[in-house]
Amino acid sequence: MTAYNETIVKDICRRFGNERSRMMDVVKEVQTSFGHVPNEAMDAIARALSCPRVEVQSLVSFYAFLTERPKGNIIIRLCDDVIDRMQGFDRIADAFKEELGIGIGETTTDGKITLEATPCIGMCDQAPAALINDVIVTNLTKDAAREIVAGLREHGDPQRLVKRLGDGNNAHELVRAMVVNNVRRKGDVIFGEGKPSDGLKNALAMSPVEVIRAVKTSRLRGRGGAGFPTGIKWEFTRAAKDETRYVICNADEGEPGTFKDRVILTEKADLLFEGMTIAGYAIGAQAGILYLRAEYVYLRPYLEHALAERRKSGLLGNKILGHAGFNYDIRIQMGAGAYICGEETSLISSAEGFRGDPKTRPPFPAQKGYMGHPSAVNNVETLCCVTRILERGAGWYAQMGSNGTSGTKLLSVSGDCKIPGVYEIPFGITLKEFLAMAGAEDAAAVQVGGPSGQMVGPAEFNRIICYDDLATGGAIMVFGPQRDLLWVVSRFMEFFVEESCGYCTPCRVGNVLLRRKIEEVRAGKCDPAAIAYLEDLGQTVKIASRCGLGQTSANPVLTTLKNFRPLYTARMKENEAGMQMTFDISAAVRDAEIIAGRKSANF
Amino acid sequence: MNEKTVTFIVDGKEIKARPEQTIMKACDEAGVYIPRLCAFKDLSPFGSCRVCTVKVNGRPQAACTQPVGEGIVVESQTAEIQQIRRNIIDMLFVEGNHFCMFCEKSGNCELQAMAYRLGILAPKFPYMFPVRGVDASHPDIFIDWNRCILCARCIRTSCEIDGKNAYGFIGRGPHKRVATNSSAGLKGTDADVSDKAPANCPVGSLMYKRIGYAVPIGCRLYDKNPIGSDIEMKKTT
């Protein structure tokens, strides 16, 4: 790492054409050079990109993986989601703290190593896990933690901590990760057999409108969670009047408990890029962007390599497969640690070089998306389905699945189950059938769709996994009878508090208030009136929030109030004395005690 | 008036509007007031405070950003929506440190006025008492972050009216705050006493110095008529 030097900053800006829209990349490179984004660098970046300085600070201060203050050359980020916590986060964290002699959020006195906690890094099936700079370490134990610290002290190279490589492309020379795929069940779509490029060839033999019609006939719906019909989205994007259009693939897989896109990116990158190319042809786009979450940066060299190979084979670039007039390429945009960027308009803001604030709708991305041009934003899995639909036919696809929902779905399963991992299942099976597959028959509760989804109990296990009943973006978190579900709710609320962008009032403030009340319920400080309080507050957050994050952030509270109400009432007692039960007199006089320099005589 | 118009319903009342208008703009012209804090005349809509939340054909939307549409049915003054608005105002009060009794903005403050209009006497949510600072480095203007409600009116005014970029948001979630376009604080920016930005702050967060009590309490903007009266009095028929 070098000392601050303005020439380096200028060079970096120049490499990105002094483009304001590439500020994410500029800032990341600057941080790579200096270990952080120093004050002077912000001024220099602002000058080079011709924008106000506060916009640089706005961006840097927004993303968890960017920093204005110096940190260690090595940053250990322990994944602290609910599943990792169930599988020993505290033990592992203690081992790291002990070995390093620091707490979470601190840097060793020699300035070399920083210890942090981070939300789900997409490794719940091999938890506890951590990110060490760009390197992922999984299945951590106390001994492994000690070895890691010793290794880092000795050689300082996180990559050398990877002793055994994972399966499939995890062992590829450009990946070299200890991550494993844990593909437990292969279906006919994502993990089905197919001939590379057949989908694209078939698409190019059709007119773009016919391609869109095929996708509509297949009844494919968005796999990210919202379930919008893909063909209709493309139709809108194509219909928007503009010369320039974009395909954006949302690979910002941040919903805690979801890791299926990671497996697709590792094993089926070409299937995805082919789908992105078909999408580009269908909507009339010249460029595609893969927005990849920062946690998956270890896959980037491999993905860049896959793109380069496609260019060499004429599958990207000018006149794709000899098709005159179809020029299309794909670039990768890295994220920087923000769950909100999985929301499509936030993702666009981020890809444009801004903080990841959602945009006002209308206009929708299909009308005015990336850089103001019509953009189709699709999930990784959705685009893979597209390739298969064009390869094997819309009719073939549409007959799979349930009545209302065609095709298959990848589910990422973790928690209290015997066989965690990724399952490709046909839509239409019951949750119960699925839990049996994953070895989770004794589940007491299942979080379907991650924290933004719903917590369901055994009474709901006969519900059907499809868009019309139990919809899910892919996360299934299993909780056994031994788990304290209100603790889970409290962890989920903590997650939303940290990940709210802060743009709108209900999400920014409401989630803090919900978390606080849940803590009071857990501490036995509430009377039954707290239920109405939580419902009223939760509904306000749900109804009044500006984007999908806020609109779903109260779900952990609202769905457990609905499906697990006795857990709440059991911790409440009637307030017969009429006292304010949450009032803590010793906490209330604490500041006064500090000022007075003595303990209160009465309290 | 040969322009194309659309007709829609707000709380049972029929309103005519131009198709490019937002629900809020159309309602303003018709003398129907929808409570708001971040929306402000002459500034682009922002949609952050969510006080103007209405239901459009049953779906929640922000009236300040949602366009009108032929035949849409808008609910605004329903018990459910008013409760949501009160909750949002409550949230803004407990999120910052708002001491109306000795705030120089009292009586001219839109947050305070909105609370009165919606019938709030004290917040029902617990105060957060955040530790926030003040930037008094500039000779003529100051920022008191204790009172900021993150409506971006200073940011938008500086950019859209004053032709500057003196302010911007930094941080995220509960840590979000308004920052100045200089590491030296307000004095390092081109903010000036002639700027409109301080005048457009709805609360006592961005203020001109030395005029705090020029108008005595009791004679201030919202002391006599509730906020929104100007729009409601515009009613032509």
I need a count of the residues in the range A:133-168 that are among the charged types (D, E, K, R) and either in contact with a helix residue (DSSP H, G or I) (Cβ under 6 Å, 6 or more places away or on another chain) or within 19 Å of A:Arg300 (Cβ to Cβ) (or both). 4
Extreme residue, nearest to the other protein chains (Cβ to nearest Cβ), among residues of the range B:125-182 that are of a type in the set (Lys, Arg) and either touching a Lys or Arg at 6+ places or on another chain (Cβ under 6 Å) or assigned to a loop (DSSP other than H, G, I, E, B) (or both): B:Lys176
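Tell me the residue from A:Leu411, A:Leu390 that is outside any loop (DSSP other than H, G, I, E, B) and either more than 22 Å from A:Met206 (Cα to Cα) or without any contact (Cβ under 8 Å) to a residue 24 or more places away in the chain (or both), please.
A:Leu411
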If you go through the range A:554-567 one residue at a time, do you hit one that is assigned to a helix (DSSP H, G or I) and at the interface with chain B (Cβ under 8 Å from one of its Cβ atoms)? no
Taking A:Leu271 as meeting all but one of (1) assigned to a helix (DSSP H, G or I); (2) among the hydrophobic types (A, V, I, L, M, F, W, C); (3) more than 21 Å from A:Cys384 (Cα to Cα), write down the number of the exception. (3)
Hey, among the residues in the range A:346-364 that are more than 10 Å from chain B (Cβ to nearest Cβ) and of a type in the set (Ser, Thr, Tyr), which one's nearest to A:Lys233 (Cα to Cα)? A:Ser346
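Name the residues in the range B:201-237 that are of a type in the set (Phe, Trp, Tyr) and in a helix (DSSP H, G or I), would you?
B:Tyr222
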Quick count over the range A:84-143, residues being touching a Gly at 6+ places or on another chain (Cβ under 7 Å), charged (D, E, K, R) and farther than 19 Å from A:Val263 by Cβ, is 3
Checking A:Thr472 against (1) closer than 24 Å to A:Met123 by Cα; (2) of a type in the set (Ser, Thr, Tyr); (3) assigned to a helix (DSSP H, G or I), only one condition comes out false. Which one? (3)
Using beta carbons and a limit of 7 Å, which pairs, at least six apart or on different chains, have the first residue in the range A:583-603 and in a helix (DSSP H, G or I) and the second one of a type in the set (Phe, Trp, Tyr)? A:Ile585/A:Phe603; A:Ser586/A:Phe603
Restricted to the range A:461-503, and to residues that are crowded, with 22+ Cβ neighbours inside 10 Å, within 25 Å of A:Lys418 (Cα to Cα) and of a type in the set (Phe, Trp, Tyr), which residue is nearest to the other protein chains (Cβ to nearest Cβ)? A:Phe492
Any residue at all in the range A:498-506 that's under 30 Å from B:Cys52 (Cβ atoms) and without any contact (Cβ under 8 Å) to a residue 12 or more places away in the chain? yes
Which of the following residues is crowded, with 20+ Cβ neighbours inside 10 Å and either under 17 Å from B:Leu111 (Cα atoms) or among the hydrophobic types (A, V, I, L, M, F, W, C) (or both): B:Val203, B:Val193, B:Val215? B:Val203
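Can you find even one residue in the range A:300-316 that is crowded, with 17+ Cβ neighbours inside 10 Å and assigned to a loop (DSSP other than H, G, I, E, B)?
For the range A:300-316, residues crowded, with 17+ Cβ neighbours inside 10 Å and assigned to a loop (DSSP other than H, G, I, E, B): present.
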Within the range B:160-213, track down each residue that is among the hydrophobic types (A, V, I, L, M, F, W, C) and modelled with pLDDT under 95. B:Ile211
Based on what the data block shows, is A:Thr582 touching a strand residue (DSSP E or B) at 6+ places or on another chain (Cβ under 8 Å) and either surrounded by 12 or more Cβ atoms within 10 Å (Cβ to Cβ) or not β-branched (Val, Ile, Thr) (or both)? yes
Quickly run through the range A:236-260 and pick out the residues that are assigned to a helix (DSSP H, G or I) and surrounded by fewer than 23 Cβ atoms within 10 Å (Cβ to Cβ). A:Phe236, A:Arg238, A:Ala239
Selected residue (criterion: surrounded by the fewest Cβ atoms within 10 Å (Cβ to Cβ)) from residues of the range B:1-25 that are under 18 Å from the mean Cα position of the chain (by Cα) and among the aliphatic types (A, V, I, L, M): B:Met24
Of everything in the range A:504-540 that's at the interface with chain B (Cβ under 9 Å from one of its Cβ atoms) and of a type in the set (A, V, I, L, M, F, W, C), which residue is nearest to the chain's Cα centre (by Cα)? A:Cys507
Note on the range A:20-43: residues polar (S, T, N, Q) and touching an Asp or Glu at 6+ places or on another chain (Cβ under 8 Å) are A:Ser21, A:Asn39
Do we find that A:Ile543 is of a type outside the set (Phe, Trp, Tyr), part of a helix (DSSP H, G or I) and either in contact with a Pro (Cβ under 6 Å, 6 or more places away or on another chain) or within 14 Å of chain B (Cβ to nearest Cβ) (or both) in this structure? yes
Give the number of residues within the range A:559-582 that are without any contact (Cβ under 8 Å) to a residue 24 or more places away in the chain and either closer than 30 Å to A:Met455 by Cα or among the acidic types (Asp, Glu) (or both). 4
When you go through (1) part of a loop (DSSP other than H, G, I, E, B); (2) among the basic types (Lys, Arg); (3) closer than 28 Å to A:Met334 by Cβ one by one for A:Lys233, which number turns out not to apply? (1)
If you check A:Lys418 against the conditions, is it touching a Ser or Thr at 6+ places or on another chain (Cβ under 6 Å), among the charged types (D, E, K, R) and without any contact (Cβ under 8 Å) to a residue 60 or more places away in the chain? no
How about the range A:145-173: which of its residues are surrounded by 15 or more Cβ atoms within 10 Å (Cβ to Cβ) and outside any helix (DSSP H, G or I)? A:Val162, A:Leu165, A:Gly166, A:His172
Specify which of the listed residues (B:Glu80, B:Glu75, B:Glu95) is of a type in the set (Asp, Glu), closer than 26 Å to A:Leu514 by Cβ, in contact with a helix residue (DSSP H, G or I) (Cβ under 9 Å, 6 or more places away or on another chain) and more than 10 Å from chain A (Cβ to nearest Cβ). B:Glu75
For the range A:39-87, which helices (runs of 4 or more DSSP H) that fit wholly inside it have 2 or more residues that are within 9 Å of chain B (Cβ to nearest Cβ)? A:39-49, A:53-62
Within the range B:39-57, can you find the residues that are out of contact with any Pro (no Cβ under 7 Å at 6 or more places or on another chain), facing chain A (nearest Cβ under 9 Å) and touching a residue at least 24 places away in the same chain (Cβ under 8 Å)? B:Phe46, B:Ser48, B:Cys49, B:Lys55
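The values are calculated or read from the model by the stated rules, or taken from the named source; none is laboratory data. Not measured: the values here are computed from a predicted model. As a convention, Cβ positions derive from the backbone with ideal geometry for all residues, glycine included, and neighbour counts pool all protein chains shown.
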